[in-house]
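What follows is one structure encoded as structure tokens, with my remarks underneath.
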Amino acid sequence: FNTPVTHLKPILLAKPDQLLSKEQVRTRLGLPMDALAAYIQLGAGKINDIEGQLEMAIRLLNQYDNVHIVVGESIIGDRLELAGERVRVIRDYPNSLSFNGFDFAIMAGGYNSYHEAIAFSLPTLFIPNLNTGMDDQLARVSAGEAVGACLVLNDSTEEVFSEKIRKLLDADYREKMRIACISNHSQNGAVGASKMMIDFL
């Protein structure tokens, strides 16, 4: 038989007006207001080994004295052993509530991370996990890169990684990414999903 299929806009866990302000986020995390703040979330480490990518990202960002780093620790993953004067670790959910506090992000290309970064206009370098079976993260984030709303790291060599980070550190480049994100905002798919379920019942 034919199973009915309904296409929905991306479903988001938070609304834009629920996000904390930059001041609230940075006060909570002890981040200077005048520094660049980078958010890193590379997944739970259950499917692929994220430690090498995370270590490289922190090491490369640490070369810039005005960059402070916040690492999102997965609530279903192991505790991270990180240290550094300009490194903070948060274990919260959804971390997107803090996106206003960051200048840019480096994240895996999962459904929530990608759509939240676009919806909340956070310039992001995505590192797609290519070992996730049916979740085609590369296709997802490549669609965003094609419209200028994000960057994608396919080659995780240090040289390429460094070049992508240099783009994120450029204020003009980040602003172009924000504008592209805004151009690709859409209604929260949760509204359509709720209506569909009500109609079904």
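The values are calculated or read from the model by the stated rules, or taken from the named source; none is laboratory data. Treat the numbers as computed from the prediction; the structure is a model and nothing was measured. For neighbour counting, all protein chains shown are included, and Cβ atoms are generated from backbone atoms with ideal geometry for every residue, glycine included. Remember, those area values only see protein heavy atoms, side chains included, never the ligands or the DNA or RNA. Shrake-Rupley method; radii C 1.70, N 1.55, O 1.52, S 1.80 Å.
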### Task
Considering only the range 1-59, state which residues are assigned to a loop (DSSP other than H, G, I, E, B), at pLDDT 95 or above and either of a type in the set (A, V, I, L, M, F, W, C) or open to solvent by 100 Å² or more (accessible area, probe 1.4 Å) (or both).
Leu19, Leu20, Leu31, Met33, Asp34, Ala35
### Message
Take residues that are open to solvent by 20 Å² or more (accessible area, probe 1.4 Å) and modelled with pLDDT of 95 or more and tell me which of the helices (runs of 4 or more DSSP H) falling wholly in the range 90-201 contain 3 or more.
### Response
111-119, 137-146, 158-168, 171-183
#### Entry: Every pair of residues 6+ apart whose Cβ atoms lie under 8 Å, when the first sits in the range 86-98 and is closer than 16 Å to Ser121 by Cα while the second is in a strand (DSSP E or B) and aromatic (Phe, Trp, Tyr)
Asn95/Tyr39; Ser98/Tyr39
### Message
Filter the range 145-176 down to the residues that are in contact (Cβ under 8 Å) with a residue 60 or more places away in the chain and closer than 16 Å to Phe120 by Cα and list them by number.
### Response
Arg174
### Message
Could you check the range 138-171 and list, in sequence order, the residues that are under 21 Å from His185 (Cβ atoms) and among the polar types (S, T, N, Q)?
### Response
Ser142
### Message
Cβ contacts < 6 Å: first residue farther than 15 Å from Ser96 by Cα, restricted to the range 1-28; second residue open to solvent by 100 Å² or more (accessible area, probe 1.4 Å), any location; separation 6+ or different chain. Result?
### Response
Lys9/Gln187
#### Entry: All positions within the range 60-89 that are modelled with pLDDT of 90 or more and part of a loop (DSSP other than H, G, I, E, B)
Asn62, Gln63, Tyr64, Asp65, Asn66, Arg86
